[in-house]
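Worksheet for the structure shown next.
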Amino acid sequence: MATVRKLSLFRGFSVIVLLTQLRFGLGGRGALEGLIPVPGQDQSTVDVANLKTGGQISGTLEKDEKRVVWFGGEKKHGRFPDFLVMLYVLNRHGDADVHCAPAPWLTSLGRDPSPTFYAWRSIHSQDTDELFLSSKSNPYQGGEMSVEGSKKHIVGFACTITGVAWEATEYKFDLDVSYDDRKLVDEEVGALKEIYEECCKEEGACSPWKANATETNEDNFVTSDGHNIEVDFCHREGSLCSRDGRLMRLDMRNFGLQCSLPVEQFTKMKMLVKLDLDGNYMTGDVGEIVGKIGSLDMMMRLSMKGNKIAGRFDGIGSYCNVFEEGGISYLDLSSNKIEGELVPCLLSDDTGGASSMVELRLKSNKITGGIPDVFTADSNLETLTLAENQLSGRLPESLGQVLHMRVLDLQSNTMAGPIPDNVGNIPALYMLAGTGNFFTSLPSSWSSPSWEPPAALKLVEMAQNDLEGQFPVGLGNAPFLLGLDLGQNRLSGSLNVKDGQFSNLLLLNISFNTFEGQIPEALGKISVFKDMRNSAIPQIRPSFDLRFNEFDGEVPEFFYPSKTPAITATRVFLAGNKGLTCENPDELRYTGVNCQPYDESNYMDSYGEDWEETAPDYVPVVTEDPPMYPPTENRYPAFRQTSRSVLPPVTARRPVPTNSNLLTDRLENSPEAKASGGSKGASVFGGLMIALLVVAALIVSVVVFKRVRGRRSRFPGETTYVPPEEEGFGYALMERGPQGAEETVPLNTQAAP
């Protein structure tokens, strides 16, 4: 993924010089004489001629629109060339990906490179996308092809540029060719050797690095433990070197590194722009690590998600210079062990101006305190992910000044108070996620039927809070809103949805509130009830959850499969609304609604005796009662099939109890009630003791319930919440999150010739 970014004068100039070295330093413009079109591809002839005369391939792409570039190279000096592919995005909120593959494989299968079929890809959410097609890599060999009518052999490749932003993306595609045999400089080779010796001593450590032990390569290094490892990362997939053999990008994700993070070795790599250390086992102090590595002149992207980095976050305050304008713009420290409070200089400089930060991802740490009220109108910030921490206090009003904010993820904290109006009106806002807090109200403008929401708004996750007030009917005017989750709050009143609102909504959850009145007929026209087979996202199974409110009246006709055949592909939940009536209860059995005179003790009968066979396919079959709430690991399965993950899901709930008092059972079986001694297994003490214990448990539990209502997923580690490794439905439609680095994976070798 490439997106345009604002740079400081000094660091911006440095990066431009670096890119110039890449563009001209791989052999110069003259090296493009080795660039040739791929036979049989007419557009390739035009594109190659354009590039060789000093032009570039550029244009505008709408979301999911594609542009394919075919190019080839001929053998010179006894070798085929390396190719450097560069993709630039020219507008701020534009976004594009590039996927490349060998031409012979593509032509034999009659297809283009895509997110599901590629050998190289770049999906960064920061800066320029660069792909290095090394002649030493295995996928490269698949590009060799013969020219019809001659004995000449060439190599051919194709790259697909895909628009992934919801607005038009202006892009520029450039290409360079090199016949040089570049090698990593000795200083950086030595640094990588030291990293290996320090971080790979433990049994089982560094297995991906050791995977090359059987390869015979003169550039490999024989380690002290006898392994033959690769240390020249200039040709290693995912990494990238400058013309003089210095690393610009180093990808060591999931390398199995087990050590205190070797800061001194990484700081020897003077030209690093992007460093990705996700998914290792490294420890160290967050202040020292970020401060020293971030001080590298070129460093802009630092990702260390999923390690064991500790220390206090406020320790970064000694290194605030690395966040000055033009410094680190992408920082991901998610899933570590960092404590302390947020440092204001992450969000603004000491003069009240903008910091360099564009994407800040700190999910799943132990960060405390509030969010500093230091945001400014000229802020560069676009993504702020603070989910699953211990943040408290209110959202600062100044946050609403951040005009470019796209993703705000605050889930599973202890924040309280209202969502400020100006936050709900940020022009670029794509996703607002605050599930599992104590927020008390949504922006007041959202309840206005005439409100004009941000055009970019796609996802709102505010379940499990203390929200009061009316249904935010104004959100129905958001033209591309796809998901709205307000389950387990205290919202009330009627829905008042009008025709034309929520037209693209695929996921609606307003369960466990106190909404009343009739279910509006206008809801039958939203995307939840449309045939999605021909939509842009046909793999998503829509969900519509109105359980446990106070709706009454006749169930609208659009819920009947005989009237709306497409509804059979939709998850629909209506159970727990006492006043609903229906003409044909059997036809609505799939919704869980009980159209007979309401009887809580008979609630489960609405599923029928054979509910295990007829339950929706995402509900796991258990030997007890059916689930009260869709389990999260399968709640939005289609969203999990993509790599764009942003939202941690709502926690899975216990199965629905079968006794006549639903609320009582929930309380008695909660961890809080069990801790207070509310067990029903005390029959050995006699009937009176049982009654006393149950009453005591209920009293204590009701008090606790008022404190933790709908919030059992607040902190990772509680017995009722084990957050899945994957993230939830919001991220899936929008961002790859921090894993969006360049990556090379094998093509489908069974399908390839």
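The values are calculated or read from the model by the stated rules, or taken from the named source; none is laboratory data. Keep in mind that what you see is a predicted model, and the values were worked out from it rather than measured. Glycine gets a Cβ as well: all are built from the backbone with ideal geometry, and neighbour counts include every protein chain shown. These area figures cover heavy atoms from the full protein model, side chains too; ligands, DNA and RNA do not enter into them. Shrake-Rupley method; radii C 1.70, N 1.55, O 1.52, S 1.80 Å.
Points worth noting:
- Surface share of carbon and sulfur [accessible, 1.4 angstrom probe, percent] for region 261-314: 50
- Gap separating the Cα centres of region 31-80 and region 394-420, nearest whole Å: 45
- At 1.306 mPa s and 10 °C, Stokes diffusion of region 280-335 via Kirkwood alpha-carbon radius, µm² per second: 140
- Full extension of the chain between GLU264 and SER207 yields a length gain of 18.2 nm, computed as 0.36 nm times the residue separation minus the alpha carbon distance.
- 3J(HN,Hα) couplings calculated from phi for region 365-374 with the Karplus curve 6.51 cos²θ - 1.76 cosθ + 1.60 (θ = phi - 60°) are, in sequence order, 10, 10, 6, 10, x, x, 8, x, 8, 10 Hz; Gly and Pro show x.
- Spin-label pair THR514-HIS153: with each label point 7 Å from Cα along the Cα-Cβ axis, the two points sit 7.8 nm from one another.
- Longest to shortest principal axis, alpha-carbon extents of region 444-563, angstrom: 38, 35, 26
- Cβ-derived FRET efficiency at R0 41 Å, ASN138 paired with LYS52, nearest 0.05: 0.90
- Stretching LYS337 away from ARG111 to a fully extended chain increases their span by 76.8 nm, per 0.36 nm per residue minus the current alpha-carbon distance.
- Ordering of 226-232, 410-416, 429-435 by packing is 429-435, 410-416, 226-232, highest average first (other Cβ atoms within 10 Å, averaged per residue).
- Gyration tensor analysis over the Cα atoms of region 377-458 returns equivalent ellipsoid semi-axes of 19, 16, 11 Å (largest first, whole Å).
- Region 271-368, relative contact order [Cα under 8 Å, separation at least 6], %: 27
- Mean Cβ count within 10 Å, highest first, over the residues of peptides 83-89, 63-69: 83-89, 63-69
- Inter-site label distance for LYS66 and ALA168 at 7 Å from Cα along Cβ, in nm: 2.2
- Inter-label distance, nm, simple model (7 Å from Cα along the C-beta direction), ARG490/GLU554: 3.6
- Applying 1/(1 + (r/R0)^6) with r as the Cβ-Cβ distance of ALA455 and HIS77 and R0 = 35 angstrom yields a FRET efficiency of 0.05.
- Å³ per residue enclosed by the Cα convex hull of region 80-187: 138
- Between the beta carbons of LYS292 and ALA416, assuming R0 = 41 Å, the FRET efficiency works out to 0.65 to the nearest 0.05.
- Region 411-477 - convex hull of alpha carbons, volume per residue in Å³: 73
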